[in-house]
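The next block holds one structure in the form of structure tokens; read it before the comments.
The values are calculated or read from the model by the stated rules, or taken from the named source; none is laboratory data. Since we're looking at a predicted model, the values are computed, not measured. Virtual Cβ from ideal backbone geometry, glycine too; neighbours counted across all protein chains shown. Ligands, DNA and RNA are stripped out before the accessible areas are found, and what is left, the full protein with its side chains, is counted by its heavy atoms. Shrake-Rupley method; radii C 1.70, N 1.55, O 1.52, S 1.80 Å.
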Amino acid sequence: MSKKLSAMLIIFIILSVMISCNKNDLLFTKVDLNNVNEEIKSSLSNYYSENGIYLYENGADEVYLFLNSYNVAQGEKTSYYDDISMEVKDKILVINFSEKYADNYENKEVENRQLYKINKPENIDTIKVFSNEQETHFDAVIVSK
């Protein structure tokens, strides 16, 4: 009987850890820019010429994080975003990512424009964004009808 109880306890602990790890994964999903509706494409295309960190919100109560580092000056390294994560801490949605640099502009693995749909929890009142562990800001908050 104690072996059964121990096995059930171990399974419960493993499931609890798995659920808590996956909880943050539910906060956001990566979205293909080619597969969003025309309203979102049109709104975001206004910002294609400016590298930056953008928050997009439409009237359908959808929120997106748009990371753009597509524009590269002659002779400069291209930047891209990696290690994107989000979590809620004390009513604050915390967005973290790494900004990295590459010499090869034609590297197909480097995604210079990334879009993430945020499944915004109802209990947050602030959004903070961190690049390379340093707090930064949104270059624009885009609100569409």
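Tabulated results
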item: All strands (runs of 3 or more DSSP E) inside the range 96-145 with 1 or more residues being closer than 23 Å to residue 34 by Cβ, of a type in the set (Val, Ile, Thr) and modelled with pLDDT under 95; result: 113-118, 140-143
item: Any chance residue 111 is within 14 Å of the chain's Cα centre (by Cα), open to solvent by 30 Å² or more (accessible area, probe 1.4 Å) and among the charged types (D, E, K, R); result: yes
item: Output for the range 42-68, where each listed residue is over 30 Å from residue 122 (Cα atoms) and open to solvent by less than 20 Å² (accessible area, probe 1.4 Å); result: none
item: Residues of the range 16-37 satisfying the condition of being more than 24 Å from residue 131 (Cβ to Cβ), open to solvent by 90 Å² or more (accessible area, probe 1.4 Å) and modelled with pLDDT under 90; result: 18, 19, 34
